[in-house]
Amino acid sequence: MQRIFKPAGMAAGVAALMLLSACATPTPYQPIDLTQNMVRGYSDSRIETGRYRLKFSGNTVTPRETVENYMLFRASELTLEQGYDWFTLVSPNTQETTTVSRSYRDPFGPSYFGGFYWRYYRGGWGGWGSYQENATTFHRYEATAEVVMGRGPKPAGDIYSYDAREVAQNLAPQIIRPQPR
């Protein structure tokens, strides 16, 4: 038997593979770009002089620690860009969103009558149905905080205050930026 591949089918297959491979990598350190429907990454908004609201949102393969480190790195980067030396995180929070994906299969399989088996039940014809084969749980994290910036040495004894240069230096090797297109 000779197989004939149709270009449209091949294009759809290639597109599906590209989509799957794009989803299989953690969210890189990047700004959110709503014009490109890219809703994962960081965003910041100025509340007042020296005070910002930050958020970093990861996809389902981005670990919680990475999401929190990227938000800290963005806080240090923004602090240095604004000419400050240290920052304090006010009300830091990491929210977890959990979704469950279930897969189903035909209980009779392809060996029984070629797939779904039909029956007459309660006045109509219908399939036996399918049963759940497995369930996969996905976790997605989003870290948020307000950042208050200051100049000079950081406040002593404040566990939510960070030296911006030191944070940037320590976290820079862990930062993965998006691949150029």
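A short reminder: the numbers here are calculations on the coordinates, not readings from a lab. Note that the structure is predicted; figures quoted are calculated from it, not measured. Heads up, the Cβs are rebuilt from the backbone with ideal geometry, glycines too, and the neighbour counts pull from every protein chain shown.
If packing is taken as the mean number of other Cβ atoms within 10 Å per residue, what is the order of 144-157, 30-43, highest first?
144-157, 30-43
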Two-site FRET efficiency, Glu146 against Ser101, from Cβ-Cβ distance with R₀ of 25 Å, rounded to 0.05: 0.15
Virtual spin-label span in nm between Leu80 and Thr25, 7 Å along Cα→Cβ: 2.4 nm
Amide N of the stretch 137-179 lying under 16 Å from the label point, which is placed 7 angstrom from the Cα of Ser91 along Cα→Cβ: 143-149
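Return the FRET efficiency for the residue pair Ala172, Asp33: r is the Cβ-Cβ distance, R0 is 22 Å, and the value is rounded to the nearest 0.05.
Working: r = 22 Å, r/R0 = 1.02.
After rounding, the FRET efficiency stands at 0.45.
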